[in-house]
Amino acid sequence: MIRIESIYSSLGSLSETNADIAEIVGWSADDILKKTGIKKRFISSNDETSESLGLNATRKIHKDVLSNCDLIISVSNTQSNDFPTIAHFVHSELGLSHRVKCIGINAGCTGFVDAVELVYSLFSSDFYKQALIINSDTYSKYINNDRSTRTLFSDGSSVSIIVKDPNGFKIEKKISSSASGTYENLIKKEFDGERLIKMNGPKVLQFAMSTVKKDLMQIINKHDEYTLFPHQAGKIVLDALERNLPKNIKIFNNYESYGNLVSASIPNLIRENFKELNKNKIILSGFGVGLSHNALILQK
């Protein structure tokens, strides 16, 4: 069983409003708000990277807590170097014990859920007792002025301390989906000699609308109360979930103030609503890159 001990975030230092990008993307500030629901984004400066944001967030954790970590898992689509991983970078920069196991996952919007599932499995082996999960992405460095991406994505990192605890959460149920034929719908690769992130917005939206609700309906019980922390994809998807999911699921969101933080979006949402972890059953639902969806129900 696991306990989410604490979560800290570090965001890109440049705050960006809809008015700041209206002319760039060819939509008015009001149109951007209506279409995305986002008022503000956080963009990394030239000196900030996925690594540096992850390190900054980790430095907010007390050194005595960090010294008890025997497992670090980093999640990112946008680490600066092909290898080593951000987990290895943070471990090295902070001079942590040489006995710490470092793992990196190249995952996007499912990444926090993937990491929690992995930590849960590794804890069950009895080899590990405290994990640091680092979710860090800087999509802005790989997107041009295409309105489908420029209006959505933010840069930031969220770091989570997960502790093995017999009185903590167990994974009651889980479900995952990976759609065939969607590999190119949200991808980072070379386009005309430049490494960019490209997204087929309608296809990603279609996947989210058709898959997430269907998956969640397969694992919930109509007699239980749930708190849902979904990936902060934006207004259209989350409004649709709220309309179509049963009323026994309480849905949280904060995309209006942060934009889409990719793998860091769910832990940043939990950080802002930490007291809700003590209520109801918890659903973590991440969806996007793959295209894929991963959801867990946590119960004490």
- Quick one: grab the alpha carbon gyration tensor of the range 229-300, order the square roots of its eigenvalues as a ≥ b ≥ c, and give me rounded if a/c is under 1.5, else prolate or oblate depending on whether a/b is larger than b/c. rounded
- Please list the non-local residues whose amide H lies under 5 Å from the amide H of Gly168, H modeled 1.01 Å from N, same-chain partners needing a gap of 5 or more. Ile2
- Item | Solvent accessible area, Å² - His293, 1.4 Å probe, full protein context | 0
- Message: How large a share of the accessible area of the chain, in percent, is made up of carbon and sulfur atoms when the probe is 1.4 Å and the other protein chains stay in place?
- Response: 47
- Item | Computed [θ] at 222 nm, deg cm²/dmol, the chain (DSSP H ≥ 4; -39,500 (n - 2.57); rounded to nearest 500) | -9000 deg cm²/dmol
- Message: Under the 0.36 nm per residue contour assumption, what length would be gained going from the current alpha-carbon distance of Asp47 and Lys203 to full extension?
- Response: 52.8 nm
- Message: What does the charge count around Asp20 come to, taking other residues whose C-beta lies under 15 Å from its C-beta (Lys +1, Arg +1, Asp -1, Glu -1)?
- Response: 0
- Task: Find the centroid of the Cα atoms in the range 2-81 and in the range 239-300, then give the distance between the two in whole Å.
- Result: 17
- Task: Any chance you could look up the accessible area of Met217 with a 1.4 Å probe, heavy atoms only, rounded to 10 Å²?
- Result: 80
- Considering only protein heavy atoms, what per residue accessible area in square angstrom results for the chain with a 1.4 angstrom probe? 45
- Message: Between Asp126 and Phe274, what's the calculated FRET efficiency when r is the beta-carbon distance and R0 is 25 Å? Round to 0.05.
- Response: 0.35
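The values are calculated or read from the model by the stated rules, or taken from the named source; none is laboratory data. As the structure is a computational prediction, the values presented were derived from the model and not from experiment. Every residue, glycine among them, receives a Cβ derived from its backbone with ideal geometry; neighbour counts consider all protein chains shown. The protein model used for the area step is the full one, side chains on, heavy atoms only, and it has no ligands, DNA or RNA in it. Shrake-Rupley method; radii C 1.70, N 1.55, O 1.52, S 1.80 Å.
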